[in-house]
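Student: For reference, the structure I am asking about is given below.
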Amino acid sequence: MANKEAIQKWADALRYGDLPQTRGGLIHKVYDLDADALRDEFCGLGVACKVYAEEHGIDVVELVDHEKNLFENFFPVVVESWLGLDPWDAKQILTFNDIDEWTLPQIGDWVNDNLLKDE
């Protein structure tokens, strides 16, 4: 069963979070020349991991690294379960992010319009 409150937080983070986007992985560390520092970039599912980590007081990179060892760098089962997300929807978001090259706000609109609708 979908956790509408968690999905709403995820949709809002996608739509309004102003997070840097990546493709081909949940989270990538990238060196930002302007800031002279490393920064995290997120795919659509990586944003869900970030929201989960913030809600549970854990480090998002450790969450994803731990899960990578168990689930071959796909969406962490613990986050998928917390959202109550259907695995098909996770794969759809992966396609939007990596193949269709949607922006995070576009993915957030889809999450909002499709995963928060009343059944």
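Here, each number is a calculation from the coordinates, and none is a lab measurement. Since this is a predicted model, take the numbers as computed values, not measurements. Counting neighbours? That spans all protein chains shown, and the Cβs are built from the backbone with ideal geometry, glycine included.
Student: Give me the distance between the Cα centres of region 21-36 and region 90-119, rounded to whole Å.
Tutor: 21
Student: Arrange L33, L19, L115 by Cβ neighbour counts within 10 Å, fewest through most, would you?
Tutor: L33, L19, L115
Student: Another question about this same structure. Please give me the summed charge of the neighbours of L104: other residues whose Cβ is under 12 Å from its Cβ, Lys and Arg +1, Asp and Glu -1.
Tutor: Within the 12 Å Cβ shell, the charges total -2.
Student: OK, next. Of the listed values (i) 47, 29, 26; (ii) 39, 30, 22; (iii) 89, 28, 18, grab the one calculated as Cα extents along the principal axes in Å from the structure here.
Tutor: Here the calculated entry is (i).
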